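Data first, discussion second: the structure below is written as structure tokens.
The values are calculated or read from the model by the stated rules, or taken from the named source; none is laboratory data. The model shown is predicted, which means the values in this text are computed figures rather than measured ones. A quick note on method: Cβ atoms are made from the backbone with ideal geometry, for glycine too, and the neighbour counts reach across all protein chains shown. Side chains are part of the model used for accessible areas, which takes the heavy atoms of the whole protein and leaves out ligands, DNA and RNA. Shrake-Rupley method; radii C 1.70, N 1.55, O 1.52, S 1.80 Å.
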Amino acid sequence: QVQLVESGGGLVQAGGSLRLSCAASGRTFSSGTMGWFRQAPGKERVFVASISWRGSSTSYADSVKGRFTISRDNDKNTVYLQMDSLRPEDTAVYYCAYSRGIGTIRTIRGYDYWGQGTQVTVSS
């Protein structure tokens with residue numbers, strides 16, 4: 001069992017930055033793939049970024065590539081999403097997720113546990 005708690009969301013102006021954190025409990029955290037997804041109002045949940053269990057492989061959605069950075073600290077059981085150059089279209093609830101799978105996983109069905117989400121609002 002893995003429990004995930006996101007934090008770090010908030011209101012920021014366009015061009016600003018935020019860093020999301022996702023704290024995990026459970027002994028298997030360091031061996032799983034972690035991912036971030038987001039869901040805007042009235043839209044489906046979509047992939048943002050993922051990172052392999054060692055942190056050696058990462059994957060990003062085209063819409064955030066070059067602006068967002070995913071990282072993890074297995075000693076702290078935490079995964080991060082550094083978001084720079086934020087745009088109004090980045091406004092969404094951001095969810096972290098844990099997968100027992102290997103490598104970088106981009107599909108919702110590939111993840112086994114989900115956090116409750118944290119709101120990110122980017123004003124223009």
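Descriptive notes on the structure:
- For the range 2-16, the set of residues classified as open to solvent by 30 Å² or more (accessible area, probe 1.4 Å) and either farther than 19 Å from Arg72 by Cβ or among the charged types (D, E, K, R) (or both) consists of Leu11, Gln13, Ala14, Gly15, listed by residue number.
- Residue pairs whose Cβ atoms lie under 8 Å apart, separated by 6 or more positions or on different chains, with the first residue in the range 102-115 and among the β-branched types (Val, Ile, Thr) and the second open to solvent by 70 Å² or more (accessible area, probe 1.4 Å) and assigned to a loop (DSSP other than H, G, I, E, B), are Ile102/Trp53.
- Among the residues of the range 5-32, those that are more than 11 Å from the chain's Cα centre (by Cα) and within 18 Å of Gly101 (Cβ to Cβ) comprise Ala24, Gly26, Arg27, Thr28, Phe29, Ser30, Ser31, Gly32.
- Scanning the range 92-124 for residues that are touching a Pro at 6+ places or on another chain (Cβ under 8 Å) and either among the hydroxyl-bearing types (Ser, Thr, Tyr) or open to solvent by 40 Å² or more (accessible area, probe 1.4 Å) (or both) gives Ser123, Ser124.
- In the range 17-47, the residues that are among the hydroxyl-bearing types (Ser, Thr, Tyr) and surrounded by 21 or more Cβ atoms within 10 Å (Cβ to Cβ): Thr33
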